[in-house]
Structures are given as C-alpha cells and as structure tokens.
Amino acid sequence: MSFPWTIQIGSIALSAHALFELAAYVVGFVLVARARRSHGDAVSVDARWRLSAVALLGAALGSKLVHWGEHLPELLAHGDALAWMGGKSIVGGLIGGTFAVELTKARMGIVERTGDVLAVPLCISMMVGRVGCFVSGLTDDTYGTPTALPWGVDFGDGVARHPTQLYEIVFLGCLALVLSRRRAFGWNVGARFDAFFCGYLAFRVFVDFLKPYTSVPADFGLAATQWAALAGLLWRLRWRARHTPELLPGVSR
C-alpha cells in the first residue's frame with residue numbers, strides 16, 4: 001500500500017483526500033435531510049437553514065483558529081498567505097459551529113434543543129472524512145507516533161505508526177451505533193448531541209497523545225488541539241448544566 005492515494009480518471013489524477021472530504025459533506029447533508037424526514041425537527045425549515053449557515057461559518061472560523069494555534073510557530077517562521085489558508089481542525093470546527101449556533105438561537109429566541117438530528121449524521125460524515133485523512137498518508141498530519149504494534153501502518157517513510165485516523169473511525173462508528181439506539185438508551189431531548197459533542201472531544205484529548213505533535217513531559221503538557229477540546233468539553237458540560245436542570249442529580253423533573 002502506497003500513500004498518498006490518488007484516483008486516476010484517464011489522464012487526470014485526483015486527490016483521494018479531496019474526494020473523500022467532498023463525499024463527507026454530501027453524506028452529512030443527505031443523512032440530516034433523511035433524519036429530519038424520519039424523526040421530525042425541533043425547528044422550522046427556515047430556522048434550520050439559518051442555523052446551518054451559521055454553523056458552517058462558525059465551523060470555518062473555529063477550524064482555522066485551532067489549526068493556527070497548533071501550527072503557529074511554523075506559520076510565523078515559514079508560512080506564506082497560502083499556508084495560512086490551508087489546513088483545518090475538526091475539533092475547532094465542531095466547537096466553533098456549535099458555539100455559533102447556540103449564540104444565534106439565543107438571538108432568535110429559540111429555546112428548543114436542535115442538535116439531536118445532527119448527531120448520527122455528523123458521526124458518519126466524519127468517518128468518511130477520516131478515510132480521506134488516512135489515504136493521504138504523511139501529507140495530512142493526522143498520523144500517529146511510531147509503534148511496534150502489529151497494526152502499525154507505514155505511511156511512506158518506512159516507519160510503522162499508529163493509524164490514529166482508523167482509531168477515530170472505529171470510535172465514531174461505535175458512537176453512532178449508541179446514539180442511534182433511541183429506545184434502548186432512553187435519550188432525553190438534546191442528550192444525543194451532547195453525548196456526541198462531549199464524547200468526541202474527550203476522545204480527541206486522549207487519542208492525540210498518540211500524535212507526533214503532542215509531547216507528554218512531566219507536567220502533562222498538551223497540544224493546542226487538546227487544550228481546545230478540553231475547553232470545548234468544559235464549556236458544553238457547564239452549558240448543559242445551566243440549560244437542562246431537570247437532568248441534574250437530586251432535581252425533580
């Protein structure tokens with residue numbers, strides 16, 4: 001297996017990463033539309049479109065900010081304008097998009113929880129996108145540290161590494177399965193999105209210790225992505241405690 005993968009169509013070689021990323025967006029939108037038809041939606045079509053637009057803008061900004069924080073020394077030292085425009089962070093995108101939606105809902109006077117319809121589609125969409133990261137090899141900067149484990153993957157430099165992209169795909173698949181079991185787990189309104197959001201960020205805090213940009217000295221130093229994930233996790237837990245008091249221990253429904 002050689003990396004990065006390309007897809008040859010006649011004389012044209014297309015980036016497999018770009019195609020999987022495009023497929024991730026398409027799959028996400030299709031699954032959200034299907035979920036809204038099957039299970040309904042807490043808001044009107046017009047409000048959903050407005051919230052979706054805000055989510056995309058917030059995700060784009062958050063994605064860039066976390067990416068810049070992770071690669072700031074290199075960008076300042078060698079990055080030109082094109083380098084600053086490239087790259088993004090899923091963690092930053094998830095936090096930025098969610099924060100932007102909650103802000104907009106408050107301004108619009110929407111008190112309903114609106115994220116449940118997105119939880120499983122986001123899991124599956126991110127799984128598709130991570131396939132693109134995996135097939136990109138070393139160029140995507142999402143690979144893991146060297147390992148002697150039998151499933152280590154050589155991404156092209158002769159070193160077997162943790163396939164952290166595949167770890168994430170497995171985690172998201174398991175999370176999607178749990179979130180899709182509505183009756184078995186008796187999810188309260190809004191709980192499925194919160195479980196997705198907090199579960200994914202917690203996973204990233206731990207799995208990113210297996211990535212080469214993260215050092216683990218005696219003081220438990222974290223990478224920028226991990227700090228962002230921790231901040232987003234704590235924000236959401238506090239937000240949930242304030243907005244769903246009926247779910248807190250000792251408080252009646």
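Rule-based calculations on the coordinates, nothing more; no lab input. None of these values were measured; they are calculated from a predicted model. No Cβ is skipped: glycine too gets one built from the backbone with ideal geometry, and neighbour counts run over all protein chains shown.
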Quotient of Cα Rg and 2.2 N^0.38 Å for the chain, N being how many residues it contains: 1.07
Backbone HN-Hα couplings from phi across segment 121-129 [Karplus 6.51/-1.76/1.60, Hz, Gly and Pro as x]: x, 5, 4, 5, 4, 5, 4, 4, x
Value of relative contact order over segment 51-172, rounded to a whole percent, pairs C-alpha under 8 Å and six or more apart: 22 percent
Segment 92-225: translational diffusion in µm²/s, Stokes-Einstein, Kirkwood Rh over Cα pairs, 4 °C, 1.567 mPa s: 78 µm²/s
Förster radius 25 Å - calculated FRET efficiency between Thr147 and Phe203 (Cβ-Cβ, nearest 0.05): 0.85
Qualifying aspartates and glutamates (Cα of each under 15 Å from Cα of Lys211; at least 8 residues distant if same chain): Glu70, Asp140, Asp141, Asp154, Glu168
Additional length obtainable on full extension of the chain from Thr6 to Asp157, 0.36 nm per residue less Cα span: 52.6 nm
Helix-only mean residue ellipticity at 222 nm for the chain, each DSSP H run of n ≥ 4 adding -39500 (n - 2.57), per residue, nearest 500: -21500 deg cm²/dmol
Nonlocal amide H pairs with Ala160, under 5 Å, H built at 1.01 Å: Thr147
In Hz, Karplus ³J(HN,Hα) per residue of segment 60-76 (6.51, -1.76, 1.60; θ = phi - 60°; x = Gly, Pro): 4, 5, x, 4, 5, 4, 5, 4, 4, x, 6, 10, 4, x, 5, 5, 5
For segment 43-66 versus segment 94-111, the gap between their alpha-carbon centres in whole angstrom: 8 Å
In order through segment 84-100: 3J(HN,Hα) via Karplus (6.51 cos²θ - 1.76 cosθ + 1.60), integer Hz, x for Gly, Pro: 5, 7, x, x, 7, 10, 5, 4, x, x, 5, 5, x, x, 5, 4, 5
